[in-house]
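Asker: I have a structure I would like to understand better, so I am pasting it below and will then ask my questions one at a time.
The values are calculated or read from the model by the stated rules, or taken from the named source; none is laboratory data. All values derive from a computational prediction rather than experimental measurement. Note that we place each Cβ from the backbone using ideal geometry, even for glycine, and neighbour counts take in every protein chain shown.
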Amino acid sequence: MNTLDSPRQAPTVRMVWLLFAAIFVTVYFASLFSPPLLDDVDAAHAQVGQHMAETGDLITGKTNGIRYIEKPPLPYWLVAGMFKIFGQNTFATHLPNALAMLGLTWLAWLWARRAWGDRAGFYAGLGVLTSVGCFLFTRFIIPEAILAFFLLVALYALIASLEDGRPALIYWAYAGVALALLTKGLIAPVFFLGAAIPYLLLTGQWRRWKALKPVTGLLLFLLIAAPWHIVCGIINHDYGHPFGNHPTVGNVHGFFYQYFINEHVLRFFNQRYPHDYNKMPGIWYWLAHLVWIFPWSLFLPAEVAVAWKTRHSWLKHLRHDAGDTVDFYLDHAMREDVATHVLRVKFRTRTIWLLSLFTAWTLLFFSISTNQEYYTFPVWPPLVMLILGVVADLEMRRGANGRPPLSTAWLTGAQAVFAAIGVVSAAVLGWGLWTSRSLPYVPDIGTLLAHRAVGDYTLSMSHLFDLTGESFAALRLPAALAAITLLIGPLAGWLLRIKGKHLAATISIALTMTVFFVAAHIAFARFEPMLSSKQMADTIMAKGSPSDTVIVYGEQSSGSSLIFYTNDFFNRRPALLVIPRCGQHGEGSTLLWGSCYPDAPDIYLSDHTLAGIWGAGERKWIFAEDPDRDKVERTLAGSGHLYAVQTLADKTLWTDRPLP
């Protein structure tokens with residue numbers, strides 16, 4: 001065995017965390033400053049935190065002045081706290097997600113290190129930091145990274161409290177599930193219990209039910225999770241006489257129906273109202289996970305092979321106490337004392353079962369339910385831990401019984417596939433750079449994109465299908481950086497793997513992805529004119545007056561960043577929306593339920609009322625995306641007061657009188 005891959009040559013804790021810190025700063029922290037908040041969910045959710053920070057109302061979230069009580073409050077509390085400390089900006093908005101990723105890195109390192117050893121802990125942290133899905137879905141406000149952290153805390157607390165004989169640790173499990181519930185809703189306890197109950201039955205540890213502190217633990221859970229739900233339900237009660245699922249103005253179901261029934265039960269059965277979401281096709285749902293945990297999914301075949309090879313011993317170490325298995329381990333505890341080896345192998349086996357049950361149950365749940373690409377985020381760190389635990393063992397040629405589980409050829413093969421993907425990707429990028437060499441650089445890349453409306457833009461990755469060859473000219477720098485990285489990094493790693501330098505080869509994968517993510521973020525920032533309306537907000541604040549009125553034609557989320565950035569300028573007055581207040585066919589979906597409350601601000605206009613106020617009184621500004629641009633012009637062109645001010649990608653800003 002190569003001396004580089006001796007267990008004694010594993011990086012020190014200090015070196016491990018220096019590398020973790022370098023990757024975290026490069027990939028996650030540096031990206032907190034650009035691009036500005038995006039339209040749709042990013043700025044719409046930021047408005048909820050903005051409202052809480054400005055009013056101190058931590059119970060009823062509001063966006064653009066309308067109640068928004070469909071989601072649990074913890075992510076908005078965190079954002080509001082960051083706004084209080086750092087101001088209302090991109091950095092403060094996205095910092096909670098970045099910190100959640102740092103927490104996931106620490107927990108993956110801690111858990112995998114204990115279960116598989118120092119090298120596995122090191123790899124688990126690298127895997128979490130450099131997985132494609134974790135990078136992609138922390139660029140905007142969604143609660144999945146925070147949810148994943150709290151669920152992993154709960155799972156680790158469960159296994160550690162029972163294995164260590166430290167009952168007090170179990171309270172961290174109850175607290176973790178409660179905080180996860182406040183992050184994402186009822187799926188948190190569903191996911192936890194869906195893994196914990198089978199695990200306790202399989203291990204026989206259900207007999208130690210007293211150690212699980214069911215009474216005091218449940219009280220702690222309720223103490224954390226229940227108050228907001230109760231108070232929010234009391235404040236946001238039913239109004240009028242609601243009937244059926246469809247609300248009407250002045251007659252609307254309150255929080256308990258909207259949150260528990262509509263957002264949880266009916267969403268699961270694809271019956272939620274309004275129907276403003278989509279579901280991935282089954283085959284792509286499953287295959288997409290190879291992308292979300294890429295490049296570490298390349299080693300998934302090795303994990304499957306090890307699992308198959310050891311299938312007859314899957315239950316061997318689950319139900320025995322350490323004292324019952326000493327004889328089995330006497331011949332194999334070569335690197336440490338018998339007792340330590342026994343405890344490590346048993347902890348590893350139980351870790352594999354717990355993480356596998358959690359992963360399988362969560363994946364199955366969302367394969368049945370409605371889903372988005374990022375809904376399964378909580379299983380990505382456990383999957384990476386399971387895969388890289390096997391990789392570490394293969395590199396050191398050891399298994400639970402002291403014998404090599406598989407040949408290292410499995411690792412070399414995976415590295416060869418990574419090298420092939422890198423060469424092909426570099427060739428494609430190089431071809432794009434060559435064919436676009438004579439095309440001019442266009443700052444507004446959105447004007448060069450197609451609008452194919454894949455999934456009707458209800459899937460978060462839909463806009464990727466809008467890329468065109470002409471748009472490549474705006475991406476020359478990140479494309480060149482990515483091409484060089486993908487050509488050199490994977491090939492170098494493959495050569496290291498062939499030479500038996502396994503530790504260096506695995507590190508090279510993480511470093512390759514780190515530089516690739518830097519290139520990807522540069523490209524992402526180039527899409528700012530298409531994804532964000534901050535430049536239009538800057539235009540309004542530079543040329544307008546606080547007494548002006550902003551109007552968004554259509555759904556408020558289409559111009560949510562415009563509303564967010566002009567909030568202080570307009571003294572917190574909400575923007576007007578040209579959309580039905582409480583639509584019967586899903587119109588105004590983001591604010592549909594909140595707009596039906598009788599005390600909702602009167603911010604809704606029809607085409608007729610818009611034409612009536614346009615050009616009268618203080619200056620008006622109107623914003624619209626491409627699908628509504630013709631409607632604005634048809635409605636207002638006849639007034640003689642429609643002046644185009646700015647066009648960015650697929651959106652336009654007009655005013656009703658000439659600018660000075």
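Asker: Go over the candidates Asp57, Asp39 one by one and state the one that is surrounded by fewer than 20 Cβ atoms within 10 Å (Cβ to Cβ) and not in a helix (DSSP H, G or I).
Answerer: When all the criteria are applied, what remains is Asp57.
Asker: Checking the condition in a loop (DSSP other than H, G, I, E, B) and surrounded by fewer than 22 Cβ atoms within 10 Å (Cβ to Cβ), which residue from Lys71, Lys84 passes?
Answerer: That would be Lys71, the only listed residue that is in a loop (DSSP other than H, G, I, E, B) and surrounded by fewer than 22 Cβ atoms within 10 Å (Cβ to Cβ).
Asker: Assess whether Phe221 counts as being touching a helix residue (DSSP H, G or I) at 6+ places or on another chain (Cβ under 7 Å) and either in the same structural domain as Pro167 (by TED's automatic domain parsing) or among the charged types (D, E, K, R) (or both).
Answerer: So Phe221 fits the description; yes.
Asker: Ok, one more. Within the stretch 13-56, can you find the residues that are over 13 Å from Met101 (Cβ atoms) and of a type in the set (Val, Ile, Thr)?
Answerer: Result: Val13, Val16, Val41, Val48, Thr55.
Asker: While we're here: Check Glu555 against each of (1) in contact with a helix residue (DSSP H, G or I) (Cβ under 8 Å, 6 or more places away or on another chain); (2) modelled with pLDDT of 95 or more; (3) of a type outside the set (Lys, Arg) and name the one condition it does not meet.
Answerer: (2)
Asker: Here is a follow-up. Consider Phe516 carefully, then state whether it is part of a helix (DSSP H, G or I) and closer than 21 Å to Phe140 by Cβ.
Answerer: Considered against the rule, which asks whether it is part of a helix (DSSP H, G or I) and closer than 21 Å to Phe140 by Cβ, Phe516 comes out as yes.
Every residue, every condition in (1) in contact with a strand residue (DSSP E or B) (Cβ under 7 Å, 6 or more places away or on another chain); (2) crowded, with 17+ Cβ neighbours inside 10 Å; (3) at pLDDT 55 or above; (4) in a helix (DSSP H, G or I), yes or no:
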{"residue": "Glu303", "(1), (2), (3), (4)": "no, yes, yes, yes"}
{"residue": "Val306", "(1), (2), (3), (4)": "no, yes, yes, yes"}
{"residue": "His312", "(1), (2), (3), (4)": "no, no, yes, yes"}
{"residue": "Leu315", "(1), (2), (3), (4)": "no, no, yes, no"}
{"residue": "Arg319", "(1), (2), (3), (4)": "no, no, yes, no"}
{"residue": "Asp327", "(1), (2), (3), (4)": "no, no, no, yes"}
{"residue": "Ala333", "(1), (2), (3), (4)": "no, yes, no, no"}
{"residue": "Ala339", "(1), (2), (3), (4)": "no, no, yes, yes"}
{"residue": "Val342", "(1), (2), (3), (4)": "no, yes, yes, yes"}
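Condition check ((1) within 23 Å of Gly133 (Cβ to Cβ); (2) assigned by TED's automatic domain parsing to the domain that holds Leu102) across all residues:
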| position | (1), (2) |
| --- | --- |
| Ile23 | yes, yes |
| Val27 | yes, yes |
| Ala46 | yes, no |
| Gln50 | no, no |
| Glu54 | no, no |
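Asker: A follow-up question, please. Test Leu394 against the stated conditions and say whether it is of a type in the set (A, V, I, L, M, F, W, C), over 30 Å from Asn262 (Cα atoms), assigned to a helix (DSSP H, G or I) and modelled with pLDDT of 95 or more.
Answerer: no
Asker: Could I ask something else about it? Applying the selection to the stretch 25-35, what residues are modelled with pLDDT of 95 or more and buried (at least 20 other Cβ atoms within 10 Å of the Cβ)?
Answerer: Listed by number, the residues that qualify are Val27, Tyr28.
Asker: Take the residues in the stretch 634-660 that are out of contact with any Ser or Thr (no Cβ under 9 Å at 6 or more places or on another chain) and charged (D, E, K, R), then tell me which one is surrounded by the most Cβ atoms within 10 Å (Cβ to Cβ).
Answerer: My answer is Arg657.
Residues checked against (1) of a type in the set (Val, Ile, Thr); (2) on the phi > 0 side of the Ramachandran plot; (3) outside the structural domain of Ile230 (by TED's automatic domain parsing); (4) surrounded by fewer than 16 Cβ atoms within 10 Å (Cβ to Cβ):
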{"residue": "Ile261", "(1), (2), (3), (4)": "yes, no, no, yes"}
{"residue": "Leu266", "(1), (2), (3), (4)": "no, no, no, no"}
{"residue": "Asn270", "(1), (2), (3), (4)": "no, yes, no, yes"}
{"residue": "His275", "(1), (2), (3), (4)": "no, no, no, yes"}
{"residue": "Lys279", "(1), (2), (3), (4)": "no, no, no, no"}
{"residue": "Gly282", "(1), (2), (3), (4)": "no, no, no, yes"}
{"residue": "His289", "(1), (2), (3), (4)": "no, no, no, no"}
{"residue": "Trp292", "(1), (2), (3), (4)": "no, no, no, no"}
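Asker: Separate question: Keeping to the stretch 114-152, report how many residues are charged (D, E, K, R) and either surrounded by fewer than 21 Cβ atoms within 10 Å (Cβ to Cβ) or in a loop (DSSP other than H, G, I, E, B) (or both).
Answerer: Total satisfying the criteria: 3.
Asker: How about the stretch 12-21: which of its residues are within 15 Å of Trp106 (Cβ to Cβ) and not β-branched (Val, Ile, Thr)?
Answerer: Arg14, Trp17, Leu18, Leu19, Phe20, Ala21
Asker: Which one of the conditions (1) under 25 Å from Val153 (Cβ atoms); (2) in a helix (DSSP H, G or I); (3) touching a residue at least 40 places away in the same chain (Cβ under 8 Å) does Ala92 fail to meet, given that it meets all the rest?
Answerer: Result: Ala92 fails condition (3) only.
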